[in-house]
Amino acid sequence: MDWGLWIMIAVVLIMIIGMIVVSRRDGNRAPENEVFDERQKMIRGDGYKWGFVSMICYFMIYAIIISASGHTIGEPELMIFIGLEIGLVVCAVYCILRDALIGVNRSFKFVVFMDAFCLLAQLIGYLRERANGALLIENGKLTSTVLPLSIAVSFMIILVALLVRRHYQKREEQNEA
Amino acid sequence: MKNLKLKAARASLDLSQEELAGKVGVSRQTISAIEKGDYNPTIKLCIAICRELGKTLDELFWEETEKKDLSD
């Protein structure tokens, strides 16, 4: 059997086990250790919903394009990953714009620093691949070189959303004072 | 609808949104959303806020509606 299929099954199994472990741990956690307040939890629920809907829409549109045109736009793994990225970015931006991404008493600067670090790491990875002669499009299809670039774009969108929201928060705080 | 009673009670104790949020264990934005009327808190949070501000639930969260004259 193809190795790719086994790797995908292994990844899915790891994700399921991870989700079970996290849900069991969170279920046993004392309420006073909670990171998000009640409003944030509600908004995060909506965020997950919109992220999931965006992902489903992307996969539906992609499936229609494939069936209509008869050929794929890029490597299958890449296109699946882009779908996941879209879902995550929609969820993150929705939560950021409603002040629900960063928990109570959590550091905004740390989140921005981590985001910027991941953005730079992906950008450097992309530039290195390009310097080594990797192409973005090969035989009319997007290659895996697009992956670090698309991740960098995702982190960039999240970073911009964080900074824009921070700007409005500061104005709100000034008005309150 | 804006919760001006909450804002007034908080201001009378010279508490900022940040300080009240810290005392009741929520984010500043949540207190701001309650004051602006953008979020309806759970009864648990309402009680926590009332305790911190030394007010009753009625004083902070009950909205008086115009009473209709039933004699008509």
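Taken together, the values in this text are just the output of simple stated rules run on the coordinates, not laboratory data. Values in this document were obtained by computation on a predicted structure and should not be read as measured data. Every residue, glycine as well, gets a Cβ built from its backbone with ideal geometry; the counts of neighbours run over all protein chains shown.
Kindly provide the trypsin sites (Lys or Arg not before Pro) of segment B:24-61 that DSSP labels as loop, not H, G, I, E or B, and whose Cβ sees at most 10 other Cβ atoms within 10 Å. Before the final figure, lay out each step's value.
Numbers: sites: B:R28, B:K36, B:K44, B:R51, B:K55; in loops: B:K55.
Counting only loop positions with at most 10 other Cβ atoms within 10 Å, none of the trypsin sites (Lys or Arg not before Pro) in segment B:24-61 qualifies.
Given the options A:A63, A:A116, A:A92, which has the most mean-square fluctuation in a GNM of chain A, springs set between C-alpha atoms less than 10 angstrom apart?
So, out of A:A63, A:A116, A:A92, the one fluctuating most is A:A63.
Using a 7 Å offset from the Cα along the Cα-to-Cβ direction at both A:I80 and A:A121, what is the distance between the two label points in nm, to one decimal?
The modelled label-to-label distance comes out at 2.3 nm.
For A:V164 and A:A131, calculate 0.36 nm times their separation in residues minus their Cα-Cα distance, and state this gained length in nm to one decimal.
Here the segment from A:V164 to A:A131 would lengthen by 8.6 nm.
Could you give P(r) for segment A:38-176, binned at 5 Å from zero, as whole percent values over all Cα-Cα pairs?
Pair shares across the bins are 2, 10, 15, 18, 17, 14, 11, 7, 4, 2, 1, 0.
What percent does the relative contact order of segment B:4-61 come to when contacts are Cα pairs within less than 8 Å and at least six residues apart? Walk me through the numbers before you get to the answer.
Numbers: 43 pairs, mean separation 21.0, N = 58.
That works out to 36 percent.
Would you calculate the separation in nanometres between label points at A:M60 and A:T72, each defined as 7 Å from the Cα along the Cα-to-beta-carbon direction?
2.3
For A:F113 paired with B:K2, estimate the spin-label separation in nm (one decimal), with each label point 7 Å from Cα along the Cα-to-Cβ line.
Spacing of the two 7 Å Cα→Cβ label points: 3.9 nm.
For a quick check of your reading of the filter: which GluC sites (Glu not before Pro) in segment B:1-64 sit in a DSSP loop and have no more than 10 other Cβ atoms within 10 Å?
On the way: sites: B:E18, B:E19, B:E35, B:E52, B:E59, B:E63, B:E64; in loops: B:E63, B:E64.
Listed in order of number, the matching sites are B:E63, B:E64.
When you look at the Cβ of every residue in A:42-50, what mean number of other chain Cβ atoms sits within 10 Å? Provide the component values of the computation, followed by the final result.
Working: counts 2, 4, 0, 0, 0, 0, 0, 0, 0.
Average per residue, whole number: 1.
In the structure shown, do any of A:K49/B:K2; B:K5/B:K36; B:K5/B:K55; A:K170/B:K44; A:K170/B:K23; A:K41/A:K109 have a Cα-Cα gap over 19 Å, and if so which?
Details: A:K49/B:K2 28 Å; B:K5/B:K36 11 Å; B:K5/B:K55 10 Å; A:K170/B:K44 28 Å; A:K170/B:K23 21 Å; A:K41/A:K109 21 Å.
Beyond 19 Å: A:K49/B:K2; A:K170/B:K44; A:K170/B:K23; A:K41/A:K109.
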